[in-house]
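The next block holds one structure in the form of structure tokens; read it before the comments.
No value in this document is a laboratory result; all are computed from the given coordinates. Every value quoted in this text rests on a predicted model; they were computed, and no experiment measured them. Cβ placement follows ideal geometry from the backbone for every residue including glycine, while neighbour counts extend to all protein chains displayed.
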Amino acid sequence: MIDTAWGVRAYTLDAEGVAIGTERDATDLIGELWELKPELVVIPVQRFVDGFFRLETRLAGDFTQKLVNYGFRLAILGDVSEHIERSSAFAGYVREANRGRHIWFVADRDELRRRLQPDR
């Protein structure tokens, strides 16, 4: 579904659906979204494959980099605190991502709305 809140065209994947997380999945998603032209893709945490949040699998890095390379911003929506607690490397990845403008980890829609506000 496309939402144009705050002038940003955002596409949100349903929380239910086939698990994604590989570079190939990112390529397939880009193909599906290309004509819709969203600036931001919002993916609930439950949609990701097992291992996505373990950096040693390289899934998160490859998936997110593919989307960014094609001009999409990405918001990963939901609680990743369990993964942060397990891995200081992942905690650092989330911290760095959230400092930027291309990849965000947001706990809920309210946090995403705040990030999208024009005066931010």
Item to complete: Compute the distribution of all C-alpha to C-alpha distances in segment 2-116, in bins of 5 Å from 0, and list the percent of pairs in each, rounded to whole numbers.
Response: 2, 12, 23, 28, 21, 11, 3, 0
Item to complete: Taking the Cα centre of the chain as origin, work out the dipole magnitude from +1 charges on Lys and Arg Cβ and -1 charges on Asp and Glu Cβ, in debye rounded to 20.
Response: 500
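With n ≥ 4 as the cut-off for DSSP H runs, can you work out [θ] at 222 nm for the chain, using -39500 (n - 2.57) per run divided by the number of residues, rounded to the nearest 500?
Numbers: 5 runs with 48 residues, N = 120.
Value at 222 nm, helices only, nearest 500: -11500 deg cm²/dmol.
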Worksheet item: In Å, what Rg and Dmax follow from the Cα atoms of segment 62-101?
Response: 11.1, 31
